[in-house]
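In what follows, a single structure is set out as structure tokens and then discussed.
The values are calculated or read from the model by the stated rules, or taken from the named source; none is laboratory data. Owing to the predicted nature of the structure, the values given are computational and were not obtained by experimental measurement. Cβ atoms come from the backbone with ideal geometry, glycine included; neighbour counts cover every protein chain shown. Please note that ligands, DNA and RNA were not included when accessible areas were found on the heavy atoms of the full protein model with its side chains. Shrake-Rupley method; radii C 1.70, N 1.55, O 1.52, S 1.80 Å.
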Amino acid sequence: MNEPTLPSELVAARRTPLFDVESLPDQLAESHRTTVWAQLFVQSGTVHYTDHEGDTPRDVGLGPGDTAVIEPGIEHRVEPATDATFFIQFYRAPDAPMVPGSVAVDSRRRSGPWEHRHRDLDTTEEVHEMVTRQYVDVVQDELLEPYFDFEPGFIDWQAHIESVTDYWCHVLLYAPGYEIDVIEAHRTLHDADPFTPELFDRWLEIFHDTVDGGWTGPHAEHAKKRATGMAWAMAQRFLGKGTWRPAQHR
């Protein structure tokens, strides 16, 4: 087997949760490509890894402790056995920005001032801008920032913002193909450092401020209502019913 070699200048970026055959997202269970270098790490059981492209395609079984380097742009497939657990580590160039579009903070905790777009959240470009602005503020907030700062380079911000943009395009523009349980995707963060009512207050405040500061229209109003409902549902699942309610429902 000719294993590709990770470029030496890369640094570790985001890492997926620990997957098994039940939790592996549908889009990763099918043949797909990555846009960055990655590496599969098997912790238990066996995983069948197949390259469908490249000069020397691989078709191998991986066991505990085995790894497979994944080249960007190469179609491949990951098929875990019923006893397998594994994760994917992504990599980035050391000079890649941690937060795209970051701007200086003012005397409070907000970035900006952001310019109002004078339109609705009615295109992918507008949704992407909204998500980027939101996370610039989130990662500079004293309550929320620790959930994104496990170690230098832990988050691949470009990939994360694209994923969140896909979700909001699915919600606002009815774009197909988003199958991730958004609430359950946050469980590992809650298990490591339990969420609090104050955390939900702050996240929702930033989301509403971001939308109100940049967009006006029915899509913008729907985004705020959906974010409020999502925060409420997540709080009920993780904190228990009645522990937290959005401010307008108190």
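Being open to solvent by 30 Å² or more (accessible area, probe 1.4 Å), over 24 Å from the mean Cα position of the chain (by Cα) and of a type in the set (D, E, K, R) is not true of ASP26.
Matching residues to (1) more than 27 Å from PRO72 (Cβ to Cβ); (2) part of a loop (DSSP other than H, G, I, E, B); (3) open to solvent by less than 40 Å² (accessible area, probe 1.4 Å):
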{"site": "ILE161", "(1), (2), (3)": "no, no, yes"}
{"site": "HIS170", "(1), (2), (3)": "no, no, no"}
{"site": "VAL182", "(1), (2), (3)": "no, yes, yes"}
{"site": "ARG187", "(1), (2), (3)": "yes, no, no"}
{"site": "ARG202", "(1), (2), (3)": "yes, no, no"}
{"site": "GLU205", "(1), (2), (3)": "yes, no, no"}
{"site": "ARG226", "(1), (2), (3)": "yes, no, no"}
{"site": "ALA231", "(1), (2), (3)": "yes, no, yes"}
{"site": "ARG245", "(1), (2), (3)": "yes, yes, no"}
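Among strands (runs of 3 or more DSSP E) entirely within segment 1-102, having at least 2 residues that are modelled with pLDDT of 90 or more and within 19 Å of THR188 (Cα to Cα) singles out 38-44, 85-92. Applying the set (1) assigned to a loop (DSSP other than H, G, I, E, B); (2) over 23 Å from GLY240 (Cα atoms) to PRO194 leaves exactly one unmet item: (2). Pairs are defined by a Cβ separation below 8 Å, a sequence spacing of at least 6 or placement on different chains, a first member in segment 159-176 that is closer than 14 Å to GLU129 by Cα, and a second member that is crowded, with 18+ Cβ neighbours inside 10 Å and at pLDDT below 85; the pairs so defined are HIS160/ARG14.
One residue stands out among those in segment 207-218 that are part of a helix (DSSP H, G or I) and in contact with a helix residue (DSSP H, G or I) (Cβ under 7 Å, 6 or more places away or on another chain): the one that is surrounded by the fewest Cβ atoms within 10 Å (Cβ to Cβ), which is HIS208.
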